[in-house]
Amino acid sequence: MIEKIAEFDGVKEEEIGQISSLSLAFLGDGVWNVLVRQFFVDHSTYKNNLLHKLSTKFVKATYQSAFLEKIDDLLGEEEHAVLKRARNAHVATVAKNAGLADYKRATALEAVVGYLYLKKDFDKLSQINERLKNDMIKALEGEKR
């Protein structure tokens with residue numbers, strides 16, 4: 001599905017490096033939300049309020065900050081550079097339920113996701129999504145108990 005959406009972008013590969021870290025994070029936030037929501041819609045028959053509750057956990061800065069460590073081994077030199085640039089970017093606001101360090105790490109994760117999406121590196125996005133799915137499966141199993 002993400003591949004089909006990406007067909008609509010007009011960003012040339014050589015322009016991707018010129019996009020600000022926070023713009024990459026803005027895009028990555030949307031891609032991340034789609035991945036999380038798609039999983040819960042595909043894997044459950046819960047009502048919308050429970051789907052929202054489950055998905056909210058995985059889009060919070062505190063979760064994303066911790067998740068970043070789970071994918072460090074997947075990231076190459078380019079992705080680490082994007083991550084570092086985004087983590088060090090000046091942010092005007094901070095999430096209401098996260099500290100500055102978690103917020104900056106979450107922003108870095110989202111920037112990497114946005115970067116991979118624009119580069120159309122769907123193999124790496126799929127690898128990241130597989131690790132994310134492991135955590136979401138555990139959350140679903142916890143709800144079934």
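The values are calculated or read from the model by the stated rules, or taken from the named source; none is laboratory data. Keep in mind that this is a model prediction, so the values were computed, not measured. Don't worry about glycine lacking a Cβ; one is built from the backbone with ideal geometry, like all the others, and counts go over all protein chains shown. Surface areas here come from the heavy atoms of the whole protein model, side chains and all, with no ligands, DNA or RNA. Shrake-Rupley method; radii C 1.70, N 1.55, O 1.52, S 1.80 Å.
Observations on the structure shown:
- Relative to the longest principal axis of the Cα atoms of the chain, helix 77-87 runs at roughly 80 degrees.
- Listed values (i) 1.21; (ii) 1.47; (iii) 1.04 include one computed from this model; for Cα Rg over 2.2 N^0.38 Å that value carries the label (iii).
- Check: the chain dipole with +1 on Lys, Arg Cβ and -1 on Asp, Glu Cβ, in debye: 840 debye
- Helix axis angle, 21-43 relative to the chain longest principal axis, alpha carbon, degrees: 20 degrees
- Simple spin-label estimate for S20 and K133 gives 3.5 nm between the two label positions (7 Å along the Cα-to-Cβ direction from each Cα).
- For H80, H52, H43, H90, the ranking by accessible surface with the largest value first comes to H90, H52, H43, H80, using a 1.4 Å probe.
- For the chain, the longest principal axis of the alpha carbon atoms and the long axis of helix 61-70 meet at an angle near 80°.
- Each residue was assigned an accessible area with a 1.4 Å probe, and for L68 the value is about 10 Å².
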